[in-house]
Amino acid sequence: MAIQTFPMTIAWQKTIAPGVKQIALTKTDGSPLDFIPGQFITLHFPSDDKPIRRSYSIATIPGTSDTIEFAISYLKGGVASEILFNIDDGAELEVSGPYGRLVLRDDDPKRYILVSTGTGVTPYRAMLPQIKHRLEQDENLQVVVLQGVRSREDAFFVEDFLALAETQPRFQFKLFYSRETLTDAAPHEYEGYVQNGFDRLNFTIDDDLVYLCGNPGMIDDAFAICLEFGFSSQQVRREKYIS
Ligand SMILES: Cc1cc2nc3c(=O)[nH]c(=O)nc-3n(C[C@H](O)[C@H](O)[C@H](O)COP(=O)(O)OP(=O)(O)OC[C@H]3O[C@@H](n4cnc5c(N)ncnc54)[C@H](O)[C@@H]3O)c2cc1C
């Protein structure tokens, strides 16, 4: 069955880190696109050959914008990268969705551990109001977001996470740099791969639910560490950013 697509217009776009662009879309007919934080949309690019589809996690913080935002990391020669890094405001894209199951479940963990590399942090950004609400409702809940990037200049959306961490002591945000030597680390900054941060988390199998999003290599490594620790695969939700 053919996938139902609809046109969306580029409302605005901006560079948020070297090689990373944030793009905001609105439905061309003006109607809203409802989504559950953590879901993604799929873009359908015209092609004479087989269909070209690429998916992007929704980055919009609900309540702050009527647009559907996403962040794309540039891949040299990549079909979508070359189109989306050379596109003008007002251009139309064919979109389907939202899709996806990387959403906060209701199965009541005591701690959510939300791990990402690069643009993989965007679904967690969209979850921020929901996370805030859940923390207010459940005084035993804790949430930790681990973001992995190469260096300081590659980090983005950091202020959104720090804003919640400053007001909610049971929300933690930790930023890992795989290629930065820190001489003046802020309290949320660490050296190394994001999965190195697992050592300090004191995993508790009965209490923790782990989410992994972004680079497939990180996800495979982190998943293996979690299984080795004793988590079941159902306790580790994964979204690999592959074409
Ligand atoms: C559910 C889902 C959500 C996603 N969300 C996002 C998102 O929010 N932001 C985002 O930037 N991407 C996201 N992706 C990845 C995105 O869909 C595209 O795969 C990506 O933008 C590359 O597309 P492209 O057409 O530019 O490159 P392609 O033409 O697909 O690939 C170009 C070249 O790069 C290689 N390549 C493909 N992917 C990678 C990779 N991850 N690392 C290194 N080399 C690679 C290919 O093998 C090929 O050689 C998501 C993927 C999925 C499945």
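The values are calculated or read from the model by the stated rules, or taken from the named source; none is laboratory data. All values reported here derive from a predicted model rather than from experimental measurement. Neighbour counts run over all protein chains shown; Cβ positions are idealised from the backbone, glycine included. For accessibility, only protein heavy atoms count, side chains too; no ligands or nucleic acids. Shrake-Rupley method; radii C 1.70, N 1.55, O 1.52, S 1.80 Å.
Summary table below
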{"item": "Test for Val20: is it under 26 Å from Ser151 (Cβ atoms) and within 10 Å of the ligand (Cβ to nearest atom)", "result": "yes"}
{"item": "Residue among Ile41, Ile87, Ile10 that alone is within 13 Å of the ligand (Cβ to nearest atom), in a strand (DSSP E or B) and touching a residue at least 40 places away in the same chain (Cβ under 8 Å)", "result": "Ile41"}
{"item": "Residue within the range 112-132 that is more than 16 Å from the chain's Cα centre (by Cα) and within 8 Å of the ligand (Cβ to nearest atom) present", "result": "no"}
{"item": "Restricting the range 40-51 to residues that are at pLDDT below 95 and of a type outside the set (S, T, N, Q), the residue that is surrounded by the most Cβ atoms within 10 Å (Cβ to Cβ)", "result": "Pro51"}
{"item": "Residues (open to solvent by less than 10 Å² (accessible area, probe 1.4 Å) and outside any helix (DSSP H, G or I)) located in the range 107-132", "result": "Tyr112, Ile113, Leu114, Val115, Ser116, Met127"}
{"item": "Number of positions in the range 194-243 that are open to solvent by 70 Å² or more (accessible area, probe 1.4 Å), within 16 Å of the ligand (Cβ to nearest atom) and either part of a strand (DSSP E or B) or modelled with pLDDT under 95 (or both)", "result": "4"}
{"item": "Residue that is in contact with a strand residue (DSSP E or B) (Cβ under 8 Å, 6 or more places away or on another chain), small (Gly, Ala, Ser) and more than 8 Å from the ligand (Cβ to nearest atom), where the choices are Ser65, Ser55, Ser31", "result": "Ser65"}
{"item": "Among the residues listed as Leu104, Leu162, Leu146, Leu135, the single one being open to solvent by less than 20 Å² (accessible area, probe 1.4 Å), away from the ligand (no atom under 16 Å from the Cβ) and in a helix (DSSP H, G or I)", "result": "Leu135"}
